[in-house]
Amino acid sequence: MSVLSGKNILLGVTAGIAAYKSAFLVRLLVKKGANVKVVMTPTSKEFVTPLTLSTLSRNEVYSSFTNEEDDNAQWNNHVELALWADLFIIAPATANTMSKMANGTCDNLLLAVYLSAKCPVYYAPAMDLDMYKHPSTSESFNKLNSFGNVQIPASTGELASGLVGQGRMAEPEEIISFVEADILNKLPLKGIEILITAGPTFEAIDPVRFIGNHSSGKMGFAIAETAASLGARVNLVSGPVNLSVSNSLINVVSVTSAKDMYVSVHQLFEKCNVAILAAAVADFTPSKVASQKIKKKADTLTLQLKKTKDILASLGKIKEDKILVGFALETENEIENAKTKLKKKNLDLIVLNSLNDKGAGFKTDTNKVTLITKDNKVIPFEVKSKKEVAKDIIQHLIKQLHV
Ligand code: CTP
């Protein structure tokens with residue numbers, strides 16, 4: 001899946017001959033799963049029609065502050081458009097528009113949107129070679145780059161004028177690859193390895209029966225997806241669940257029992273930077289697994305159970321400078337119990353779930369958590385979807401990783 005999937009992308013089109021390529025760019029962005037809106041400078045409509053771009057983007061195209069053709073002239077709100085965008089790509093970017101962007105000129109809707117945009121701005125210059133080399137163009141590049149805008153370099157080749165040199169707008173495919181690579185490079189968890197456990201464990205009684213629990217794995221999987229979407233490489237060690245992952249940065253290691261999970265986690269721990277143990281690991285396992293199916297001969301059956309190894313606690317002993325996060329499911333004296341667990345297991349952070357809270361716990365799509373840090377900060381959150389809870393946890397870790 002592309003990092004552009006689901007993103008709101010505003011494409012700015014300015015008046016250069018390369019504007020004809022904007023149609024291909026819109027089509028490719030839509031194919032990548034992006035929501036695309038187009039804002040054009042008035043003169044660019046002479047190079048490519050709004051009808052083409054609106055048909056391909058499946059959205060209205062904006063080129064002036066009011067919709068003049070409409071009798072009930074509607075205000076095209078530049079601030080709203082700018083805030084809608086997760087990314088603003090200006091392609092082609094002419095020397096004229098770049099100079100105006102660099103100097104704060106605001107005489108059309110595209111420029112007003114540019115000045116209002118808080119999202120990353122990419123611009124793909126397109127012009128003839130001498131215009132490209134002109135010191136005033138270089139000055140625009142320098143200024144725009146100093147504002148944090150990202151230049152998608154023009155390529156060298158035959159130009160519309162017939163001359164050969166630098167100034168040809170990057171091809172739509174190149175623009176997309178450039179933006180995707182730039183986003184991936186800047187993700188806050190790029191280069192970070194995260195180990196996550198999820199789901200229940202099943203402890204065999206005999207060849208057909210086991211002791212399990214109601215954990216669905218949703219919380220651990222949501223954390224894995226969130227971390228991967230922010231660039232982390234994830235090893236997700238999961239007990240038996242009915243879930244799958246969508247991000248190729250996640251490697252799922254399927255295990256069944258607490259013992260299997262212990263082994264896999266210890267194999268993967270050394271190379272991780274952060275470990276988040278969200279699995280509901282069985283605390284006890286049958287002392288002996290019957291080799292044949294147990295028959296119902298007697299009226300009662302007594303199973304002897306022995307303690308499993310506490311995976312989280314074992315990691316706490318060897319963690320060194322890794323960040324270790326545990327979960328605590330409590331029913332009474334929640335904060336105090338969670339703080340004790342955090343200390344005892346040598347954690348950096350504990351995520352407390354209280355079964356007393358509505359919307360928290362197993363099987364639900366929501367959760368209510370309180371984060372407790374090793375310096376005793378208690379950060380409560382409202383009931384949220386598990387995806388949102390995953391974001392809160394990961395955002396907290398990002399802050400910790402970047403201090
Ligand atoms: N955990 C683990 N290995 C175990 C048991 C628990 O790694 N054998 C981890 C869980 O993944 C969770 C944390 O320990 O991150 C807390 O588990 P919990 O069952 O709430 O706490 P316990 O320490 O087992 O204590 P108790 O059950 O007595 O509350």
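The values are calculated or read from the model by the stated rules, or taken from the named source; none is laboratory data. Just so it is clear, the structure is predicted and the values come from calculations on it, not from any experiment. Note that we place each Cβ from the backbone using ideal geometry, even for glycine, and neighbour counts take in every protein chain shown.
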Inset, instruction - State all residues of region 301-331 that are over 28 Å from F202 (Cβ atoms) and out of contact with any strand residue (DSSP E or B) (no Cβ under 7 Å at 6 or more places or on another chain); if no residue qualifies, say none. - result: E320, D321
Inset, instruction - Find the strands (runs of 3 or more DSSP E) located wholly in region 40-159 whose residues include 3 or more that are of a type in the set (A, V, I, L, M, F, W, C) and under 24 Å from N8 (Cβ atoms), and list them. - result: 87-93
Legend entry - Restricting region 281-312 to residues that are within 16 Å of the ligand (Cβ to nearest atom) and assigned to a loop (DSSP other than H, G, I, E, B), the residue that is nearest to the chain's Cα centre (by Cα): V281
Inset, instruction - All but one of (1) away from the ligand (no atom under 13 Å from the Cβ); (2) in a loop (DSSP other than H, G, I, E, B); (3) not small (G, A, S) hold for E388, so report the exception by its number. - result: (2)
Inset, instruction - For region 255-264, state whether one or more residues are within 13 Å of the ligand (Cβ to nearest atom), surrounded by fewer than 20 Cβ atoms within 10 Å (Cβ to Cβ) and touching a residue at least 60 places away in the same chain (Cβ under 8 Å). - result: no
Inset, instruction - Go through (1) within 25 Å of A360 (Cβ to Cβ); (2) surrounded by fewer than 18 Cβ atoms within 10 Å (Cβ to Cβ) one by one and return the number of the condition A298 breaks. - result: (1)
Inset, instruction - Can you confirm whether region 332-346 contains a residue that is assigned to a loop (DSSP other than H, G, I, E, B), surrounded by fewer than 18 Cβ atoms within 10 Å (Cβ to Cβ), without any contact (Cβ under 8 Å) to a residue 40 or more places away in the chain and touching a helix residue (DSSP H, G or I) at 6+ places or on another chain (Cβ under 7 Å)? - result: yes
Inset, instruction - Under 6 Å between Cβ atoms, at least 6 apart or on separate chains: pull out the pairs that start in region 40-64 with a residue that is aromatic (F, W, Y) and end on any residue that is in a loop (DSSP other than H, G, I, E, B). - result: Y62/N76
Legend entry - The listed residue being within 28 Å of L355 (Cβ to Cβ), among the hydrophobic types (A, V, I, L, M, F, W, C) and in contact (Cβ under 8 Å) with a residue 24 or more places away in the chain, out of A290, A328: A328
Inset, instruction - Can you confirm whether region 280-302 contains a residue that is within 23 Å of V351 (Cα to Cα) and touching a helix residue (DSSP H, G or I) at 6+ places or on another chain (Cβ under 6 Å)? - result: yes
Legend entry - Hits in region 1-28 - residues which are touching a residue at least 40 places away in the same chain (Cβ under 8 Å), crowded, with 17+ Cβ neighbours inside 10 Å and within 21 Å of H78 (Cβ to Cβ): K7, I9, L10, L11, G12, V13, T14, A15, A19, S22
Legend entry - Failed item in (1) crowded, with 21+ Cβ neighbours inside 10 Å; (2) modelled with pLDDT of 95 or more; (3) of a type outside the set (A, V, I, L, M), with S215 passing the rest: (2)
Inset, instruction - For region 333-354, enumerate the residues that are more than 28 Å from the chain's Cα centre (by Cα) and near the ligand (Cβ under 9 Å from one of its atoms). - result: N337, A338, K341, K344, K345
Legend entry - Subset of region 316-332 that is over 27 Å from the mean Cα position of the chain (by Cα) and closer than 18 Å to Q400 by Cβ - its residue that is farthest from the ligand (Cβ to nearest atom): E320
Legend entry - Residue identified as assigned by TED's automatic domain parsing to the domain that holds A279 and assigned to a strand (DSSP E or B) among V237, V208: V237
Legend entry - Subset of region 178-197 [surrounded by 15 or more Cβ atoms within 10 Å (Cβ to Cβ) and either small (G, A, S) or not in a helix (DSSP H, G or I) (or both)]: L187, P188, L189, I192, E193, I194, L195, I196, T197
